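The values are calculated or read from the model by the stated rules, or taken from the named source; none is laboratory data. Only a predicted model underlies this, so the values are computations on that prediction, with no experimental measurement involved. Using ideal geometry, Cβ is built from the backbone for each residue, glycine included, and neighbour counts are taken over all protein chains shown. Calculation scope for accessible area: heavy atoms of the full protein, side chains included, ligands and nucleic acids excluded. Shrake-Rupley method; radii C 1.70, N 1.55, O 1.52, S 1.80 Å.
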Amino acid sequence: RSKHEEIELVSLEEFYKEAPPEISRPAITLSEPHQQTLARLDWELEQRKRLAEKYKECLTSKEKILKEIEVKKEYLSSLQPRLNSIMQ
């Protein structure tokens, strides 16, 4: 048994529908199961790389938003003492 058999790949219909022709190569992969499996693994790798990049972008965005929230919290916490001094 091979390790790739443990990976849950997308269905064949979805693979041929979504994968670009340079990866899916239907002329070759439809008749050769080994080439089909290799192409599906390539597509899986491509998708995982894209998702990993999107994940990194989301983390960066999250960090930026958290920093903005922290700055706003500091501003709001400093606002109360100033308001108290104005009221006096």
*For the pairs Lys17/Lys54; Lys3/Lys62; Lys3/Lys64; Lys3/Lys54, note any where the Cα-Cα span goes beyond 30 Å.*
Lys3/Lys62; Lys3/Lys64
*Percent accessible area from carbon and sulfur atoms, the chain, protein chains only, probe 1.4 Å*: 57
_Using +1 at the C-beta of Lys and Arg and -1 at the C-beta of Asp and Glu, which of Val10, Leu83, Ser24 has the Cα lying farthest in the positive direction of the dipole of the stretch 10-85?_
Leu83
*asked:* Could you work out [θ]222 nm for the chain from helices alone, using -39500 (n - 2.57) per DSSP H run of at least four and dividing by all its residues? Round to the nearest 500 deg cm²/dmol.
replied: -27000 deg cm²/dmol
*Could you give the length gained on full extension between Glu74 and Leu12, defined as 0.36 nm per residue of separation minus the Cα-Cα distance, in nm?*
17.0 nm
*Given a 1.4 Å probe, how much area per residue of the chain is accessible, in Å²?*
87
*Read through the labelled values (1) 14.1; (2) 17.3; (3) 19.4 and report the label of the one computed as Kirkwood radius over Cα pairs in Å from the structure.*
(2)
*Using only Cα atoms, tell me the angle between helix 33-87 and the longest principal axis of the chain; keep it within 0 to 90° and round to the nearest 10.*
0
_Once R0 is set to 35 Å, what does the formula 1/(1 + (r/R0)^6) return for the Cβ-Cβ distance between Arg1 and Glu57, expressed as a FRET efficiency to the nearest 0.05?_
0.45
*Take every Cα pair under 8 Å in the stretch 5-71 that's 6+ residues apart, average their separations, divide by the length, and report that relative contact order as a whole percent.*
26
*asked:* Let me check something: with ligands and nucleic acids excluded, how do Val71, Val10 order by accessible area (1.4 Å probe), largest to smallest?
replied: Val71, Val10
*Ranked from the most accessible area to the least, with a 1.4 Å probe and all protein chains present, what is the order of Ser85, Ser78?*
Ser85, Ser78
_the stretch 10-85 - charge dipole about Cα centre, Lys and Arg +1 at Cβ, Asp and Glu -1, debye rounded to 20_ = 560
